[in-house]
Amino acid sequence: MKQKFVTFMLALLATAALFAQNKVTGTVTDDIGPVIGASVMEKGTSNGAITDLDGKYVITVKPGATLVFSSIGYASQEIVVGQQKTIDVHLSEDAEFLDEVVVVGYGTVKKRDLTGSVASVGGEKLRETIASNVDQMLQGKVSGVQITQNSGAPGGASSIRVRGASSINNTNEPLYIVDGIPFSGAGNQIGGFDWAGGTNGQNVVNPLSTISPTDIVSIDVLKDASATAIYGANGANGVIIITTKRGKAGQTNLSYDGYVTVQKITHKLPMMNLRQYADYQTGLYDELNQSVSEIFKDPELLGAGTDWQDAVFRTALAHSHSINVTGGTEKLRVAASAGYTNQDGVIIGSSFTRYNGRINVDADIKDWLHAGASLAYTHTDEVITNNDGTDGVILQALTMMPSIPIYDFDGNWAGPDTVYGSSNWNPVWLAQMKSNDYKRNRSMGSIYLSIDPIKNLNIRTEFNFDLST
């Protein structure tokens, strides 16, 4: 009995030791003094702390845990916690991070020399998310930038707010610069239908839908007045600079980038089938002392009827394919790409298709004379179904009686019963026959000449064009 008790106590002590917690304090500093807001994390967990105004921190961890000390612009450090109660850390500058080049309005600058508020996102990080448009790729990746998708339609536009709304030119959208070519983030007006709300609540087409995400090397977001000053009032809502791939001297590289995905709604609203609807109608008209329609008098003889949500929703396929070629010599460098994207909407009849091509050329004519050109062409075809207001496809599908078929016995579209239903349109007919097919062709190009007359002085002249039909 005594031996069992000793064994039990030893096991209890071992368990207590396993779950014991160590309280660790310390200070995080750099070459100048305390580092404010540095992250102190227990590796492999979500347990962490932040240094205060004096660079001090307090954290409770398990024995043998590893602490990770990090802060933007500094190299991270990992320290194993033994019996120490105090761990002071000196962080060194991350030379690789500070030497990264950021694109600003007047050229490029290293992060160590940057004084304005600029956020930079690389192409590889952007492509961690599968998205058909550039604005969707930016979601959640830049602090101070709020992105809201206005429409669930394929290719639908998103609203981008850089540090809130501050309209000075009748729009809160930022200014975009693509390889030096500026254009407004406000979409182009599109036509409606012969009834109100016919453009799916979306009266503009997404200006970024004509840019292929696979062509992008980096996106730099200029957020404050000092960074956007060169653009004047046009940059009042922030500036987003998009840099596409350019050729490099050396071996020619051929790459393929593509994906195939499926999309579907995760939940349908619970609705009555035909038999349940007939029971409801019979009970309702009994309460009102009125005669019910003949088709509802014997619910047991009825089937399930039409599930209008199944009729208008579908499992939608989306796929994208892109081929990129880069290469060149020390004197001439070329990058070319071609791509195709097709995205079906989860509502039948809606889709987005894009064909795109781009070529960038850079040449060093002399040591002091450089020239280059860019040309991009995009064709997009966006089919938008009406899904706005009482005449929208979804609301019509929810209010259409299950007793109405999609087609009549002759194969024609069946119509709603205006006596017993509140729907005005056959939802399937509405989705497939009443849609807005918006085709767009866009050509963007630039030619530049750059001269370096003396050291640290560069003179550059550039001609750009942006044509859309």
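Taking (1) hydroxyl-bearing (Ser, Thr, Tyr); (2) touching a residue at least 60 places away in the same chain (Cβ under 8 Å); (3) not in a helix (DSSP H, G or I) in turn, TYR277 satisfies each apart from (3). Residues that are hydroxyl-bearing (Ser, Thr, Tyr), crowded, with 19+ Cβ neighbours inside 10 Å and modelled with pLDDT under 75 are absent from region 167-186.
With respect to (1) outside any strand (DSSP E or B); (2) in contact with a Leu (Cβ under 9 Å, 6 or more places away or on another chain); (3) closer than 30 Å to LYS455 by Cβ, the lone exception for ALA363 is condition (1). In region 308-317, the condition of being within 30 Å of HIS267 (Cβ to Cβ), in a loop (DSSP other than H, G, I, E, B) and assigned by TED's automatic domain parsing to the domain that holds VAL428 is met by at least one residue.
Scanning region 450-469 for residues being within 20 Å of PHE183 (Cβ to Cβ) and either assigned by TED's automatic domain parsing to the domain that holds PHE352 or in a loop (DSSP other than H, G, I, E, B) (or both) gives a total of 1. Is at least one residue of region 420-428 closer than 30 Å to THR329 by Cα and in contact with a Phe, Trp or Tyr (Cβ under 9 Å, 6 or more places away or on another chain)? Scanning region 420-428 turns up no residue that is closer than 30 Å to THR329 by Cα and in contact with a Phe, Trp or Tyr (Cβ under 9 Å, 6 or more places away or on another chain). Any residue at all in region 436-449 that is of a type in the set (Lys, Arg) and outside any strand (DSSP E or B)? Within region 436-449 (the criterion being of a type in the set (Lys, Arg) and outside any strand (DSSP E or B)), the answer is no, since none of the residues qualifies.
The values are calculated or read from the model by the stated rules, or taken from the named source; none is laboratory data. The shown structure was predicted, so the numbers you read here are calculated from the model rather than taken from an experiment. Don't worry about glycine lacking a Cβ; one is built from the backbone with ideal geometry, like all the others, and counts go over all protein chains shown.
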